1. Can you list residues from other chains, or at least 5 along the same chain, whose modelled amide H is less than 5 Å from the amide H of THR54?
2. Roughly how big is region 70-145's charge dipole about its Cα centre, with Cβ charges of +1 (Lys, Arg) and -1 (Asp, Glu), in debye to the nearest 20?
3. Any idea of the accessible area per residue across region 27-145, 1.4 Å probe, to the nearest Å²?
4. Of ALA85, GLY70, ALA57, which is farthest towards the positive pole of region 22-124's charge dipole, taken about the Cα centre with +1 and -1 on the beta-carbons of Lys, Arg and Asp, Glu respectively?
5. Suppose we look only past 21 Å in the calculated P(r) of region 5-69. What percent of the Cα-Cα pairs does that tail hold?
6. Could you work out the Rg to Rh ratio of region 91-145, with Rh taken as the Kirkwood radius (inverse of the mean 1/r over all Cα pairs)?
7. May I ask which of LYS40/LYS118; LYS68/LYS123; LYS40/LYS73 have a Cα-Cα span longer than 28 Å here?
8. What FRET efficiency would be calculated for the residue pair ASP34, GLU115, taking the C-beta separation as r and a Förster radius of 35 Å, to the nearest 0.05?
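The values are calculated or read from the model by the stated rules, or taken from the named source; none is laboratory data. Predicted model, so just to flag it, every value in this text is computed and none were measured. FYI the Cβ positions are ideal-geometry reconstructions off the backbone, even for glycines, and counts take in every protein chain you see. Areas reflect the complete protein model, heavy atoms only, side chains present, ligands, DNA and RNA absent. Shrake-Rupley method; radii C 1.70, N 1.55, O 1.52, S 1.80 Å.
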Amino acid sequence: MGMGRAENAVEYFSKGFNCSQAVLSAYCEEFGLDMDTAMKVSCAFGSGMKMGETCGAVTGALMVIGLKFGQAKENDWESKEKTYAMVREFIKRYKEINNSVICRELLNCDISTEEGMKEAREKEYFRCICPRLVSDAVKTLESML
């Protein structure tokens with residue numbers, strides 16, 4: 001049996017892609033987005049958009065929700081509403097697991113600052129915490145899609 005999506009995403013993260021890229025990578029081709037484009041479009045969302053804001057694993061998951069349910073046609077309010085409902089549900093479930101969707105709260109340091117990044121590297125958060133957050137995002141998606 002091959003690796004599951006969560007393991008695939010964690011593997012991408014371990015190769016140096018950010019959390020948002022890692023989550024999107026597990027789904028992009030299934031929804032017609034080529035890997036290069038997916039990696040480029042999600043690159044800007046790692047480290048909570050480089051501000052310690054919304055966790056990149058979460059923004060990557062929201063991109064997947066958009067790819068599956070998102071509005072692509074004018075006046076398609078049904079798709080938009082479905083997408084927003086799925087976003088709310090994903091965030092609710094992710095918060096039930098991790099108590100937050102905010103990078104600096106999840107890591108208990110702000111990696112948008114030099115000191116925060118130093119702490120995260122010294123304490124190995126990118127090896128100990130972030131892979132679990134990536135996995136949680138994918139597993140949450142799996143339970144919803």
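1. CYS103
2. Numbers: 14 positive and 15 negative charges, 40 e Å.
The calculated dipole for region 70-145 is roughly 200 debye.
3. Working: 6760 Å² over 119 residues.
Result: 57 Å² per residue.
4. ALA85
5. Working: 221 of 2080 pairs.
Percent of Cα pairs beyond 21 Å in region 5-69: 11.
6. Working: Rg = 12.3 Å, Rh = 11.9 Å.
Result: Rg/Rh = 1.03.
7. Details: LYS40/LYS118 26 Å; LYS68/LYS123 36 Å; LYS40/LYS73 24 Å.
Too far apart for the 28 Å limit: LYS68/LYS123.
8. Details: r = 38 Å, r/R0 = 1.08.
Approximately 0.40, to the nearest 0.05.
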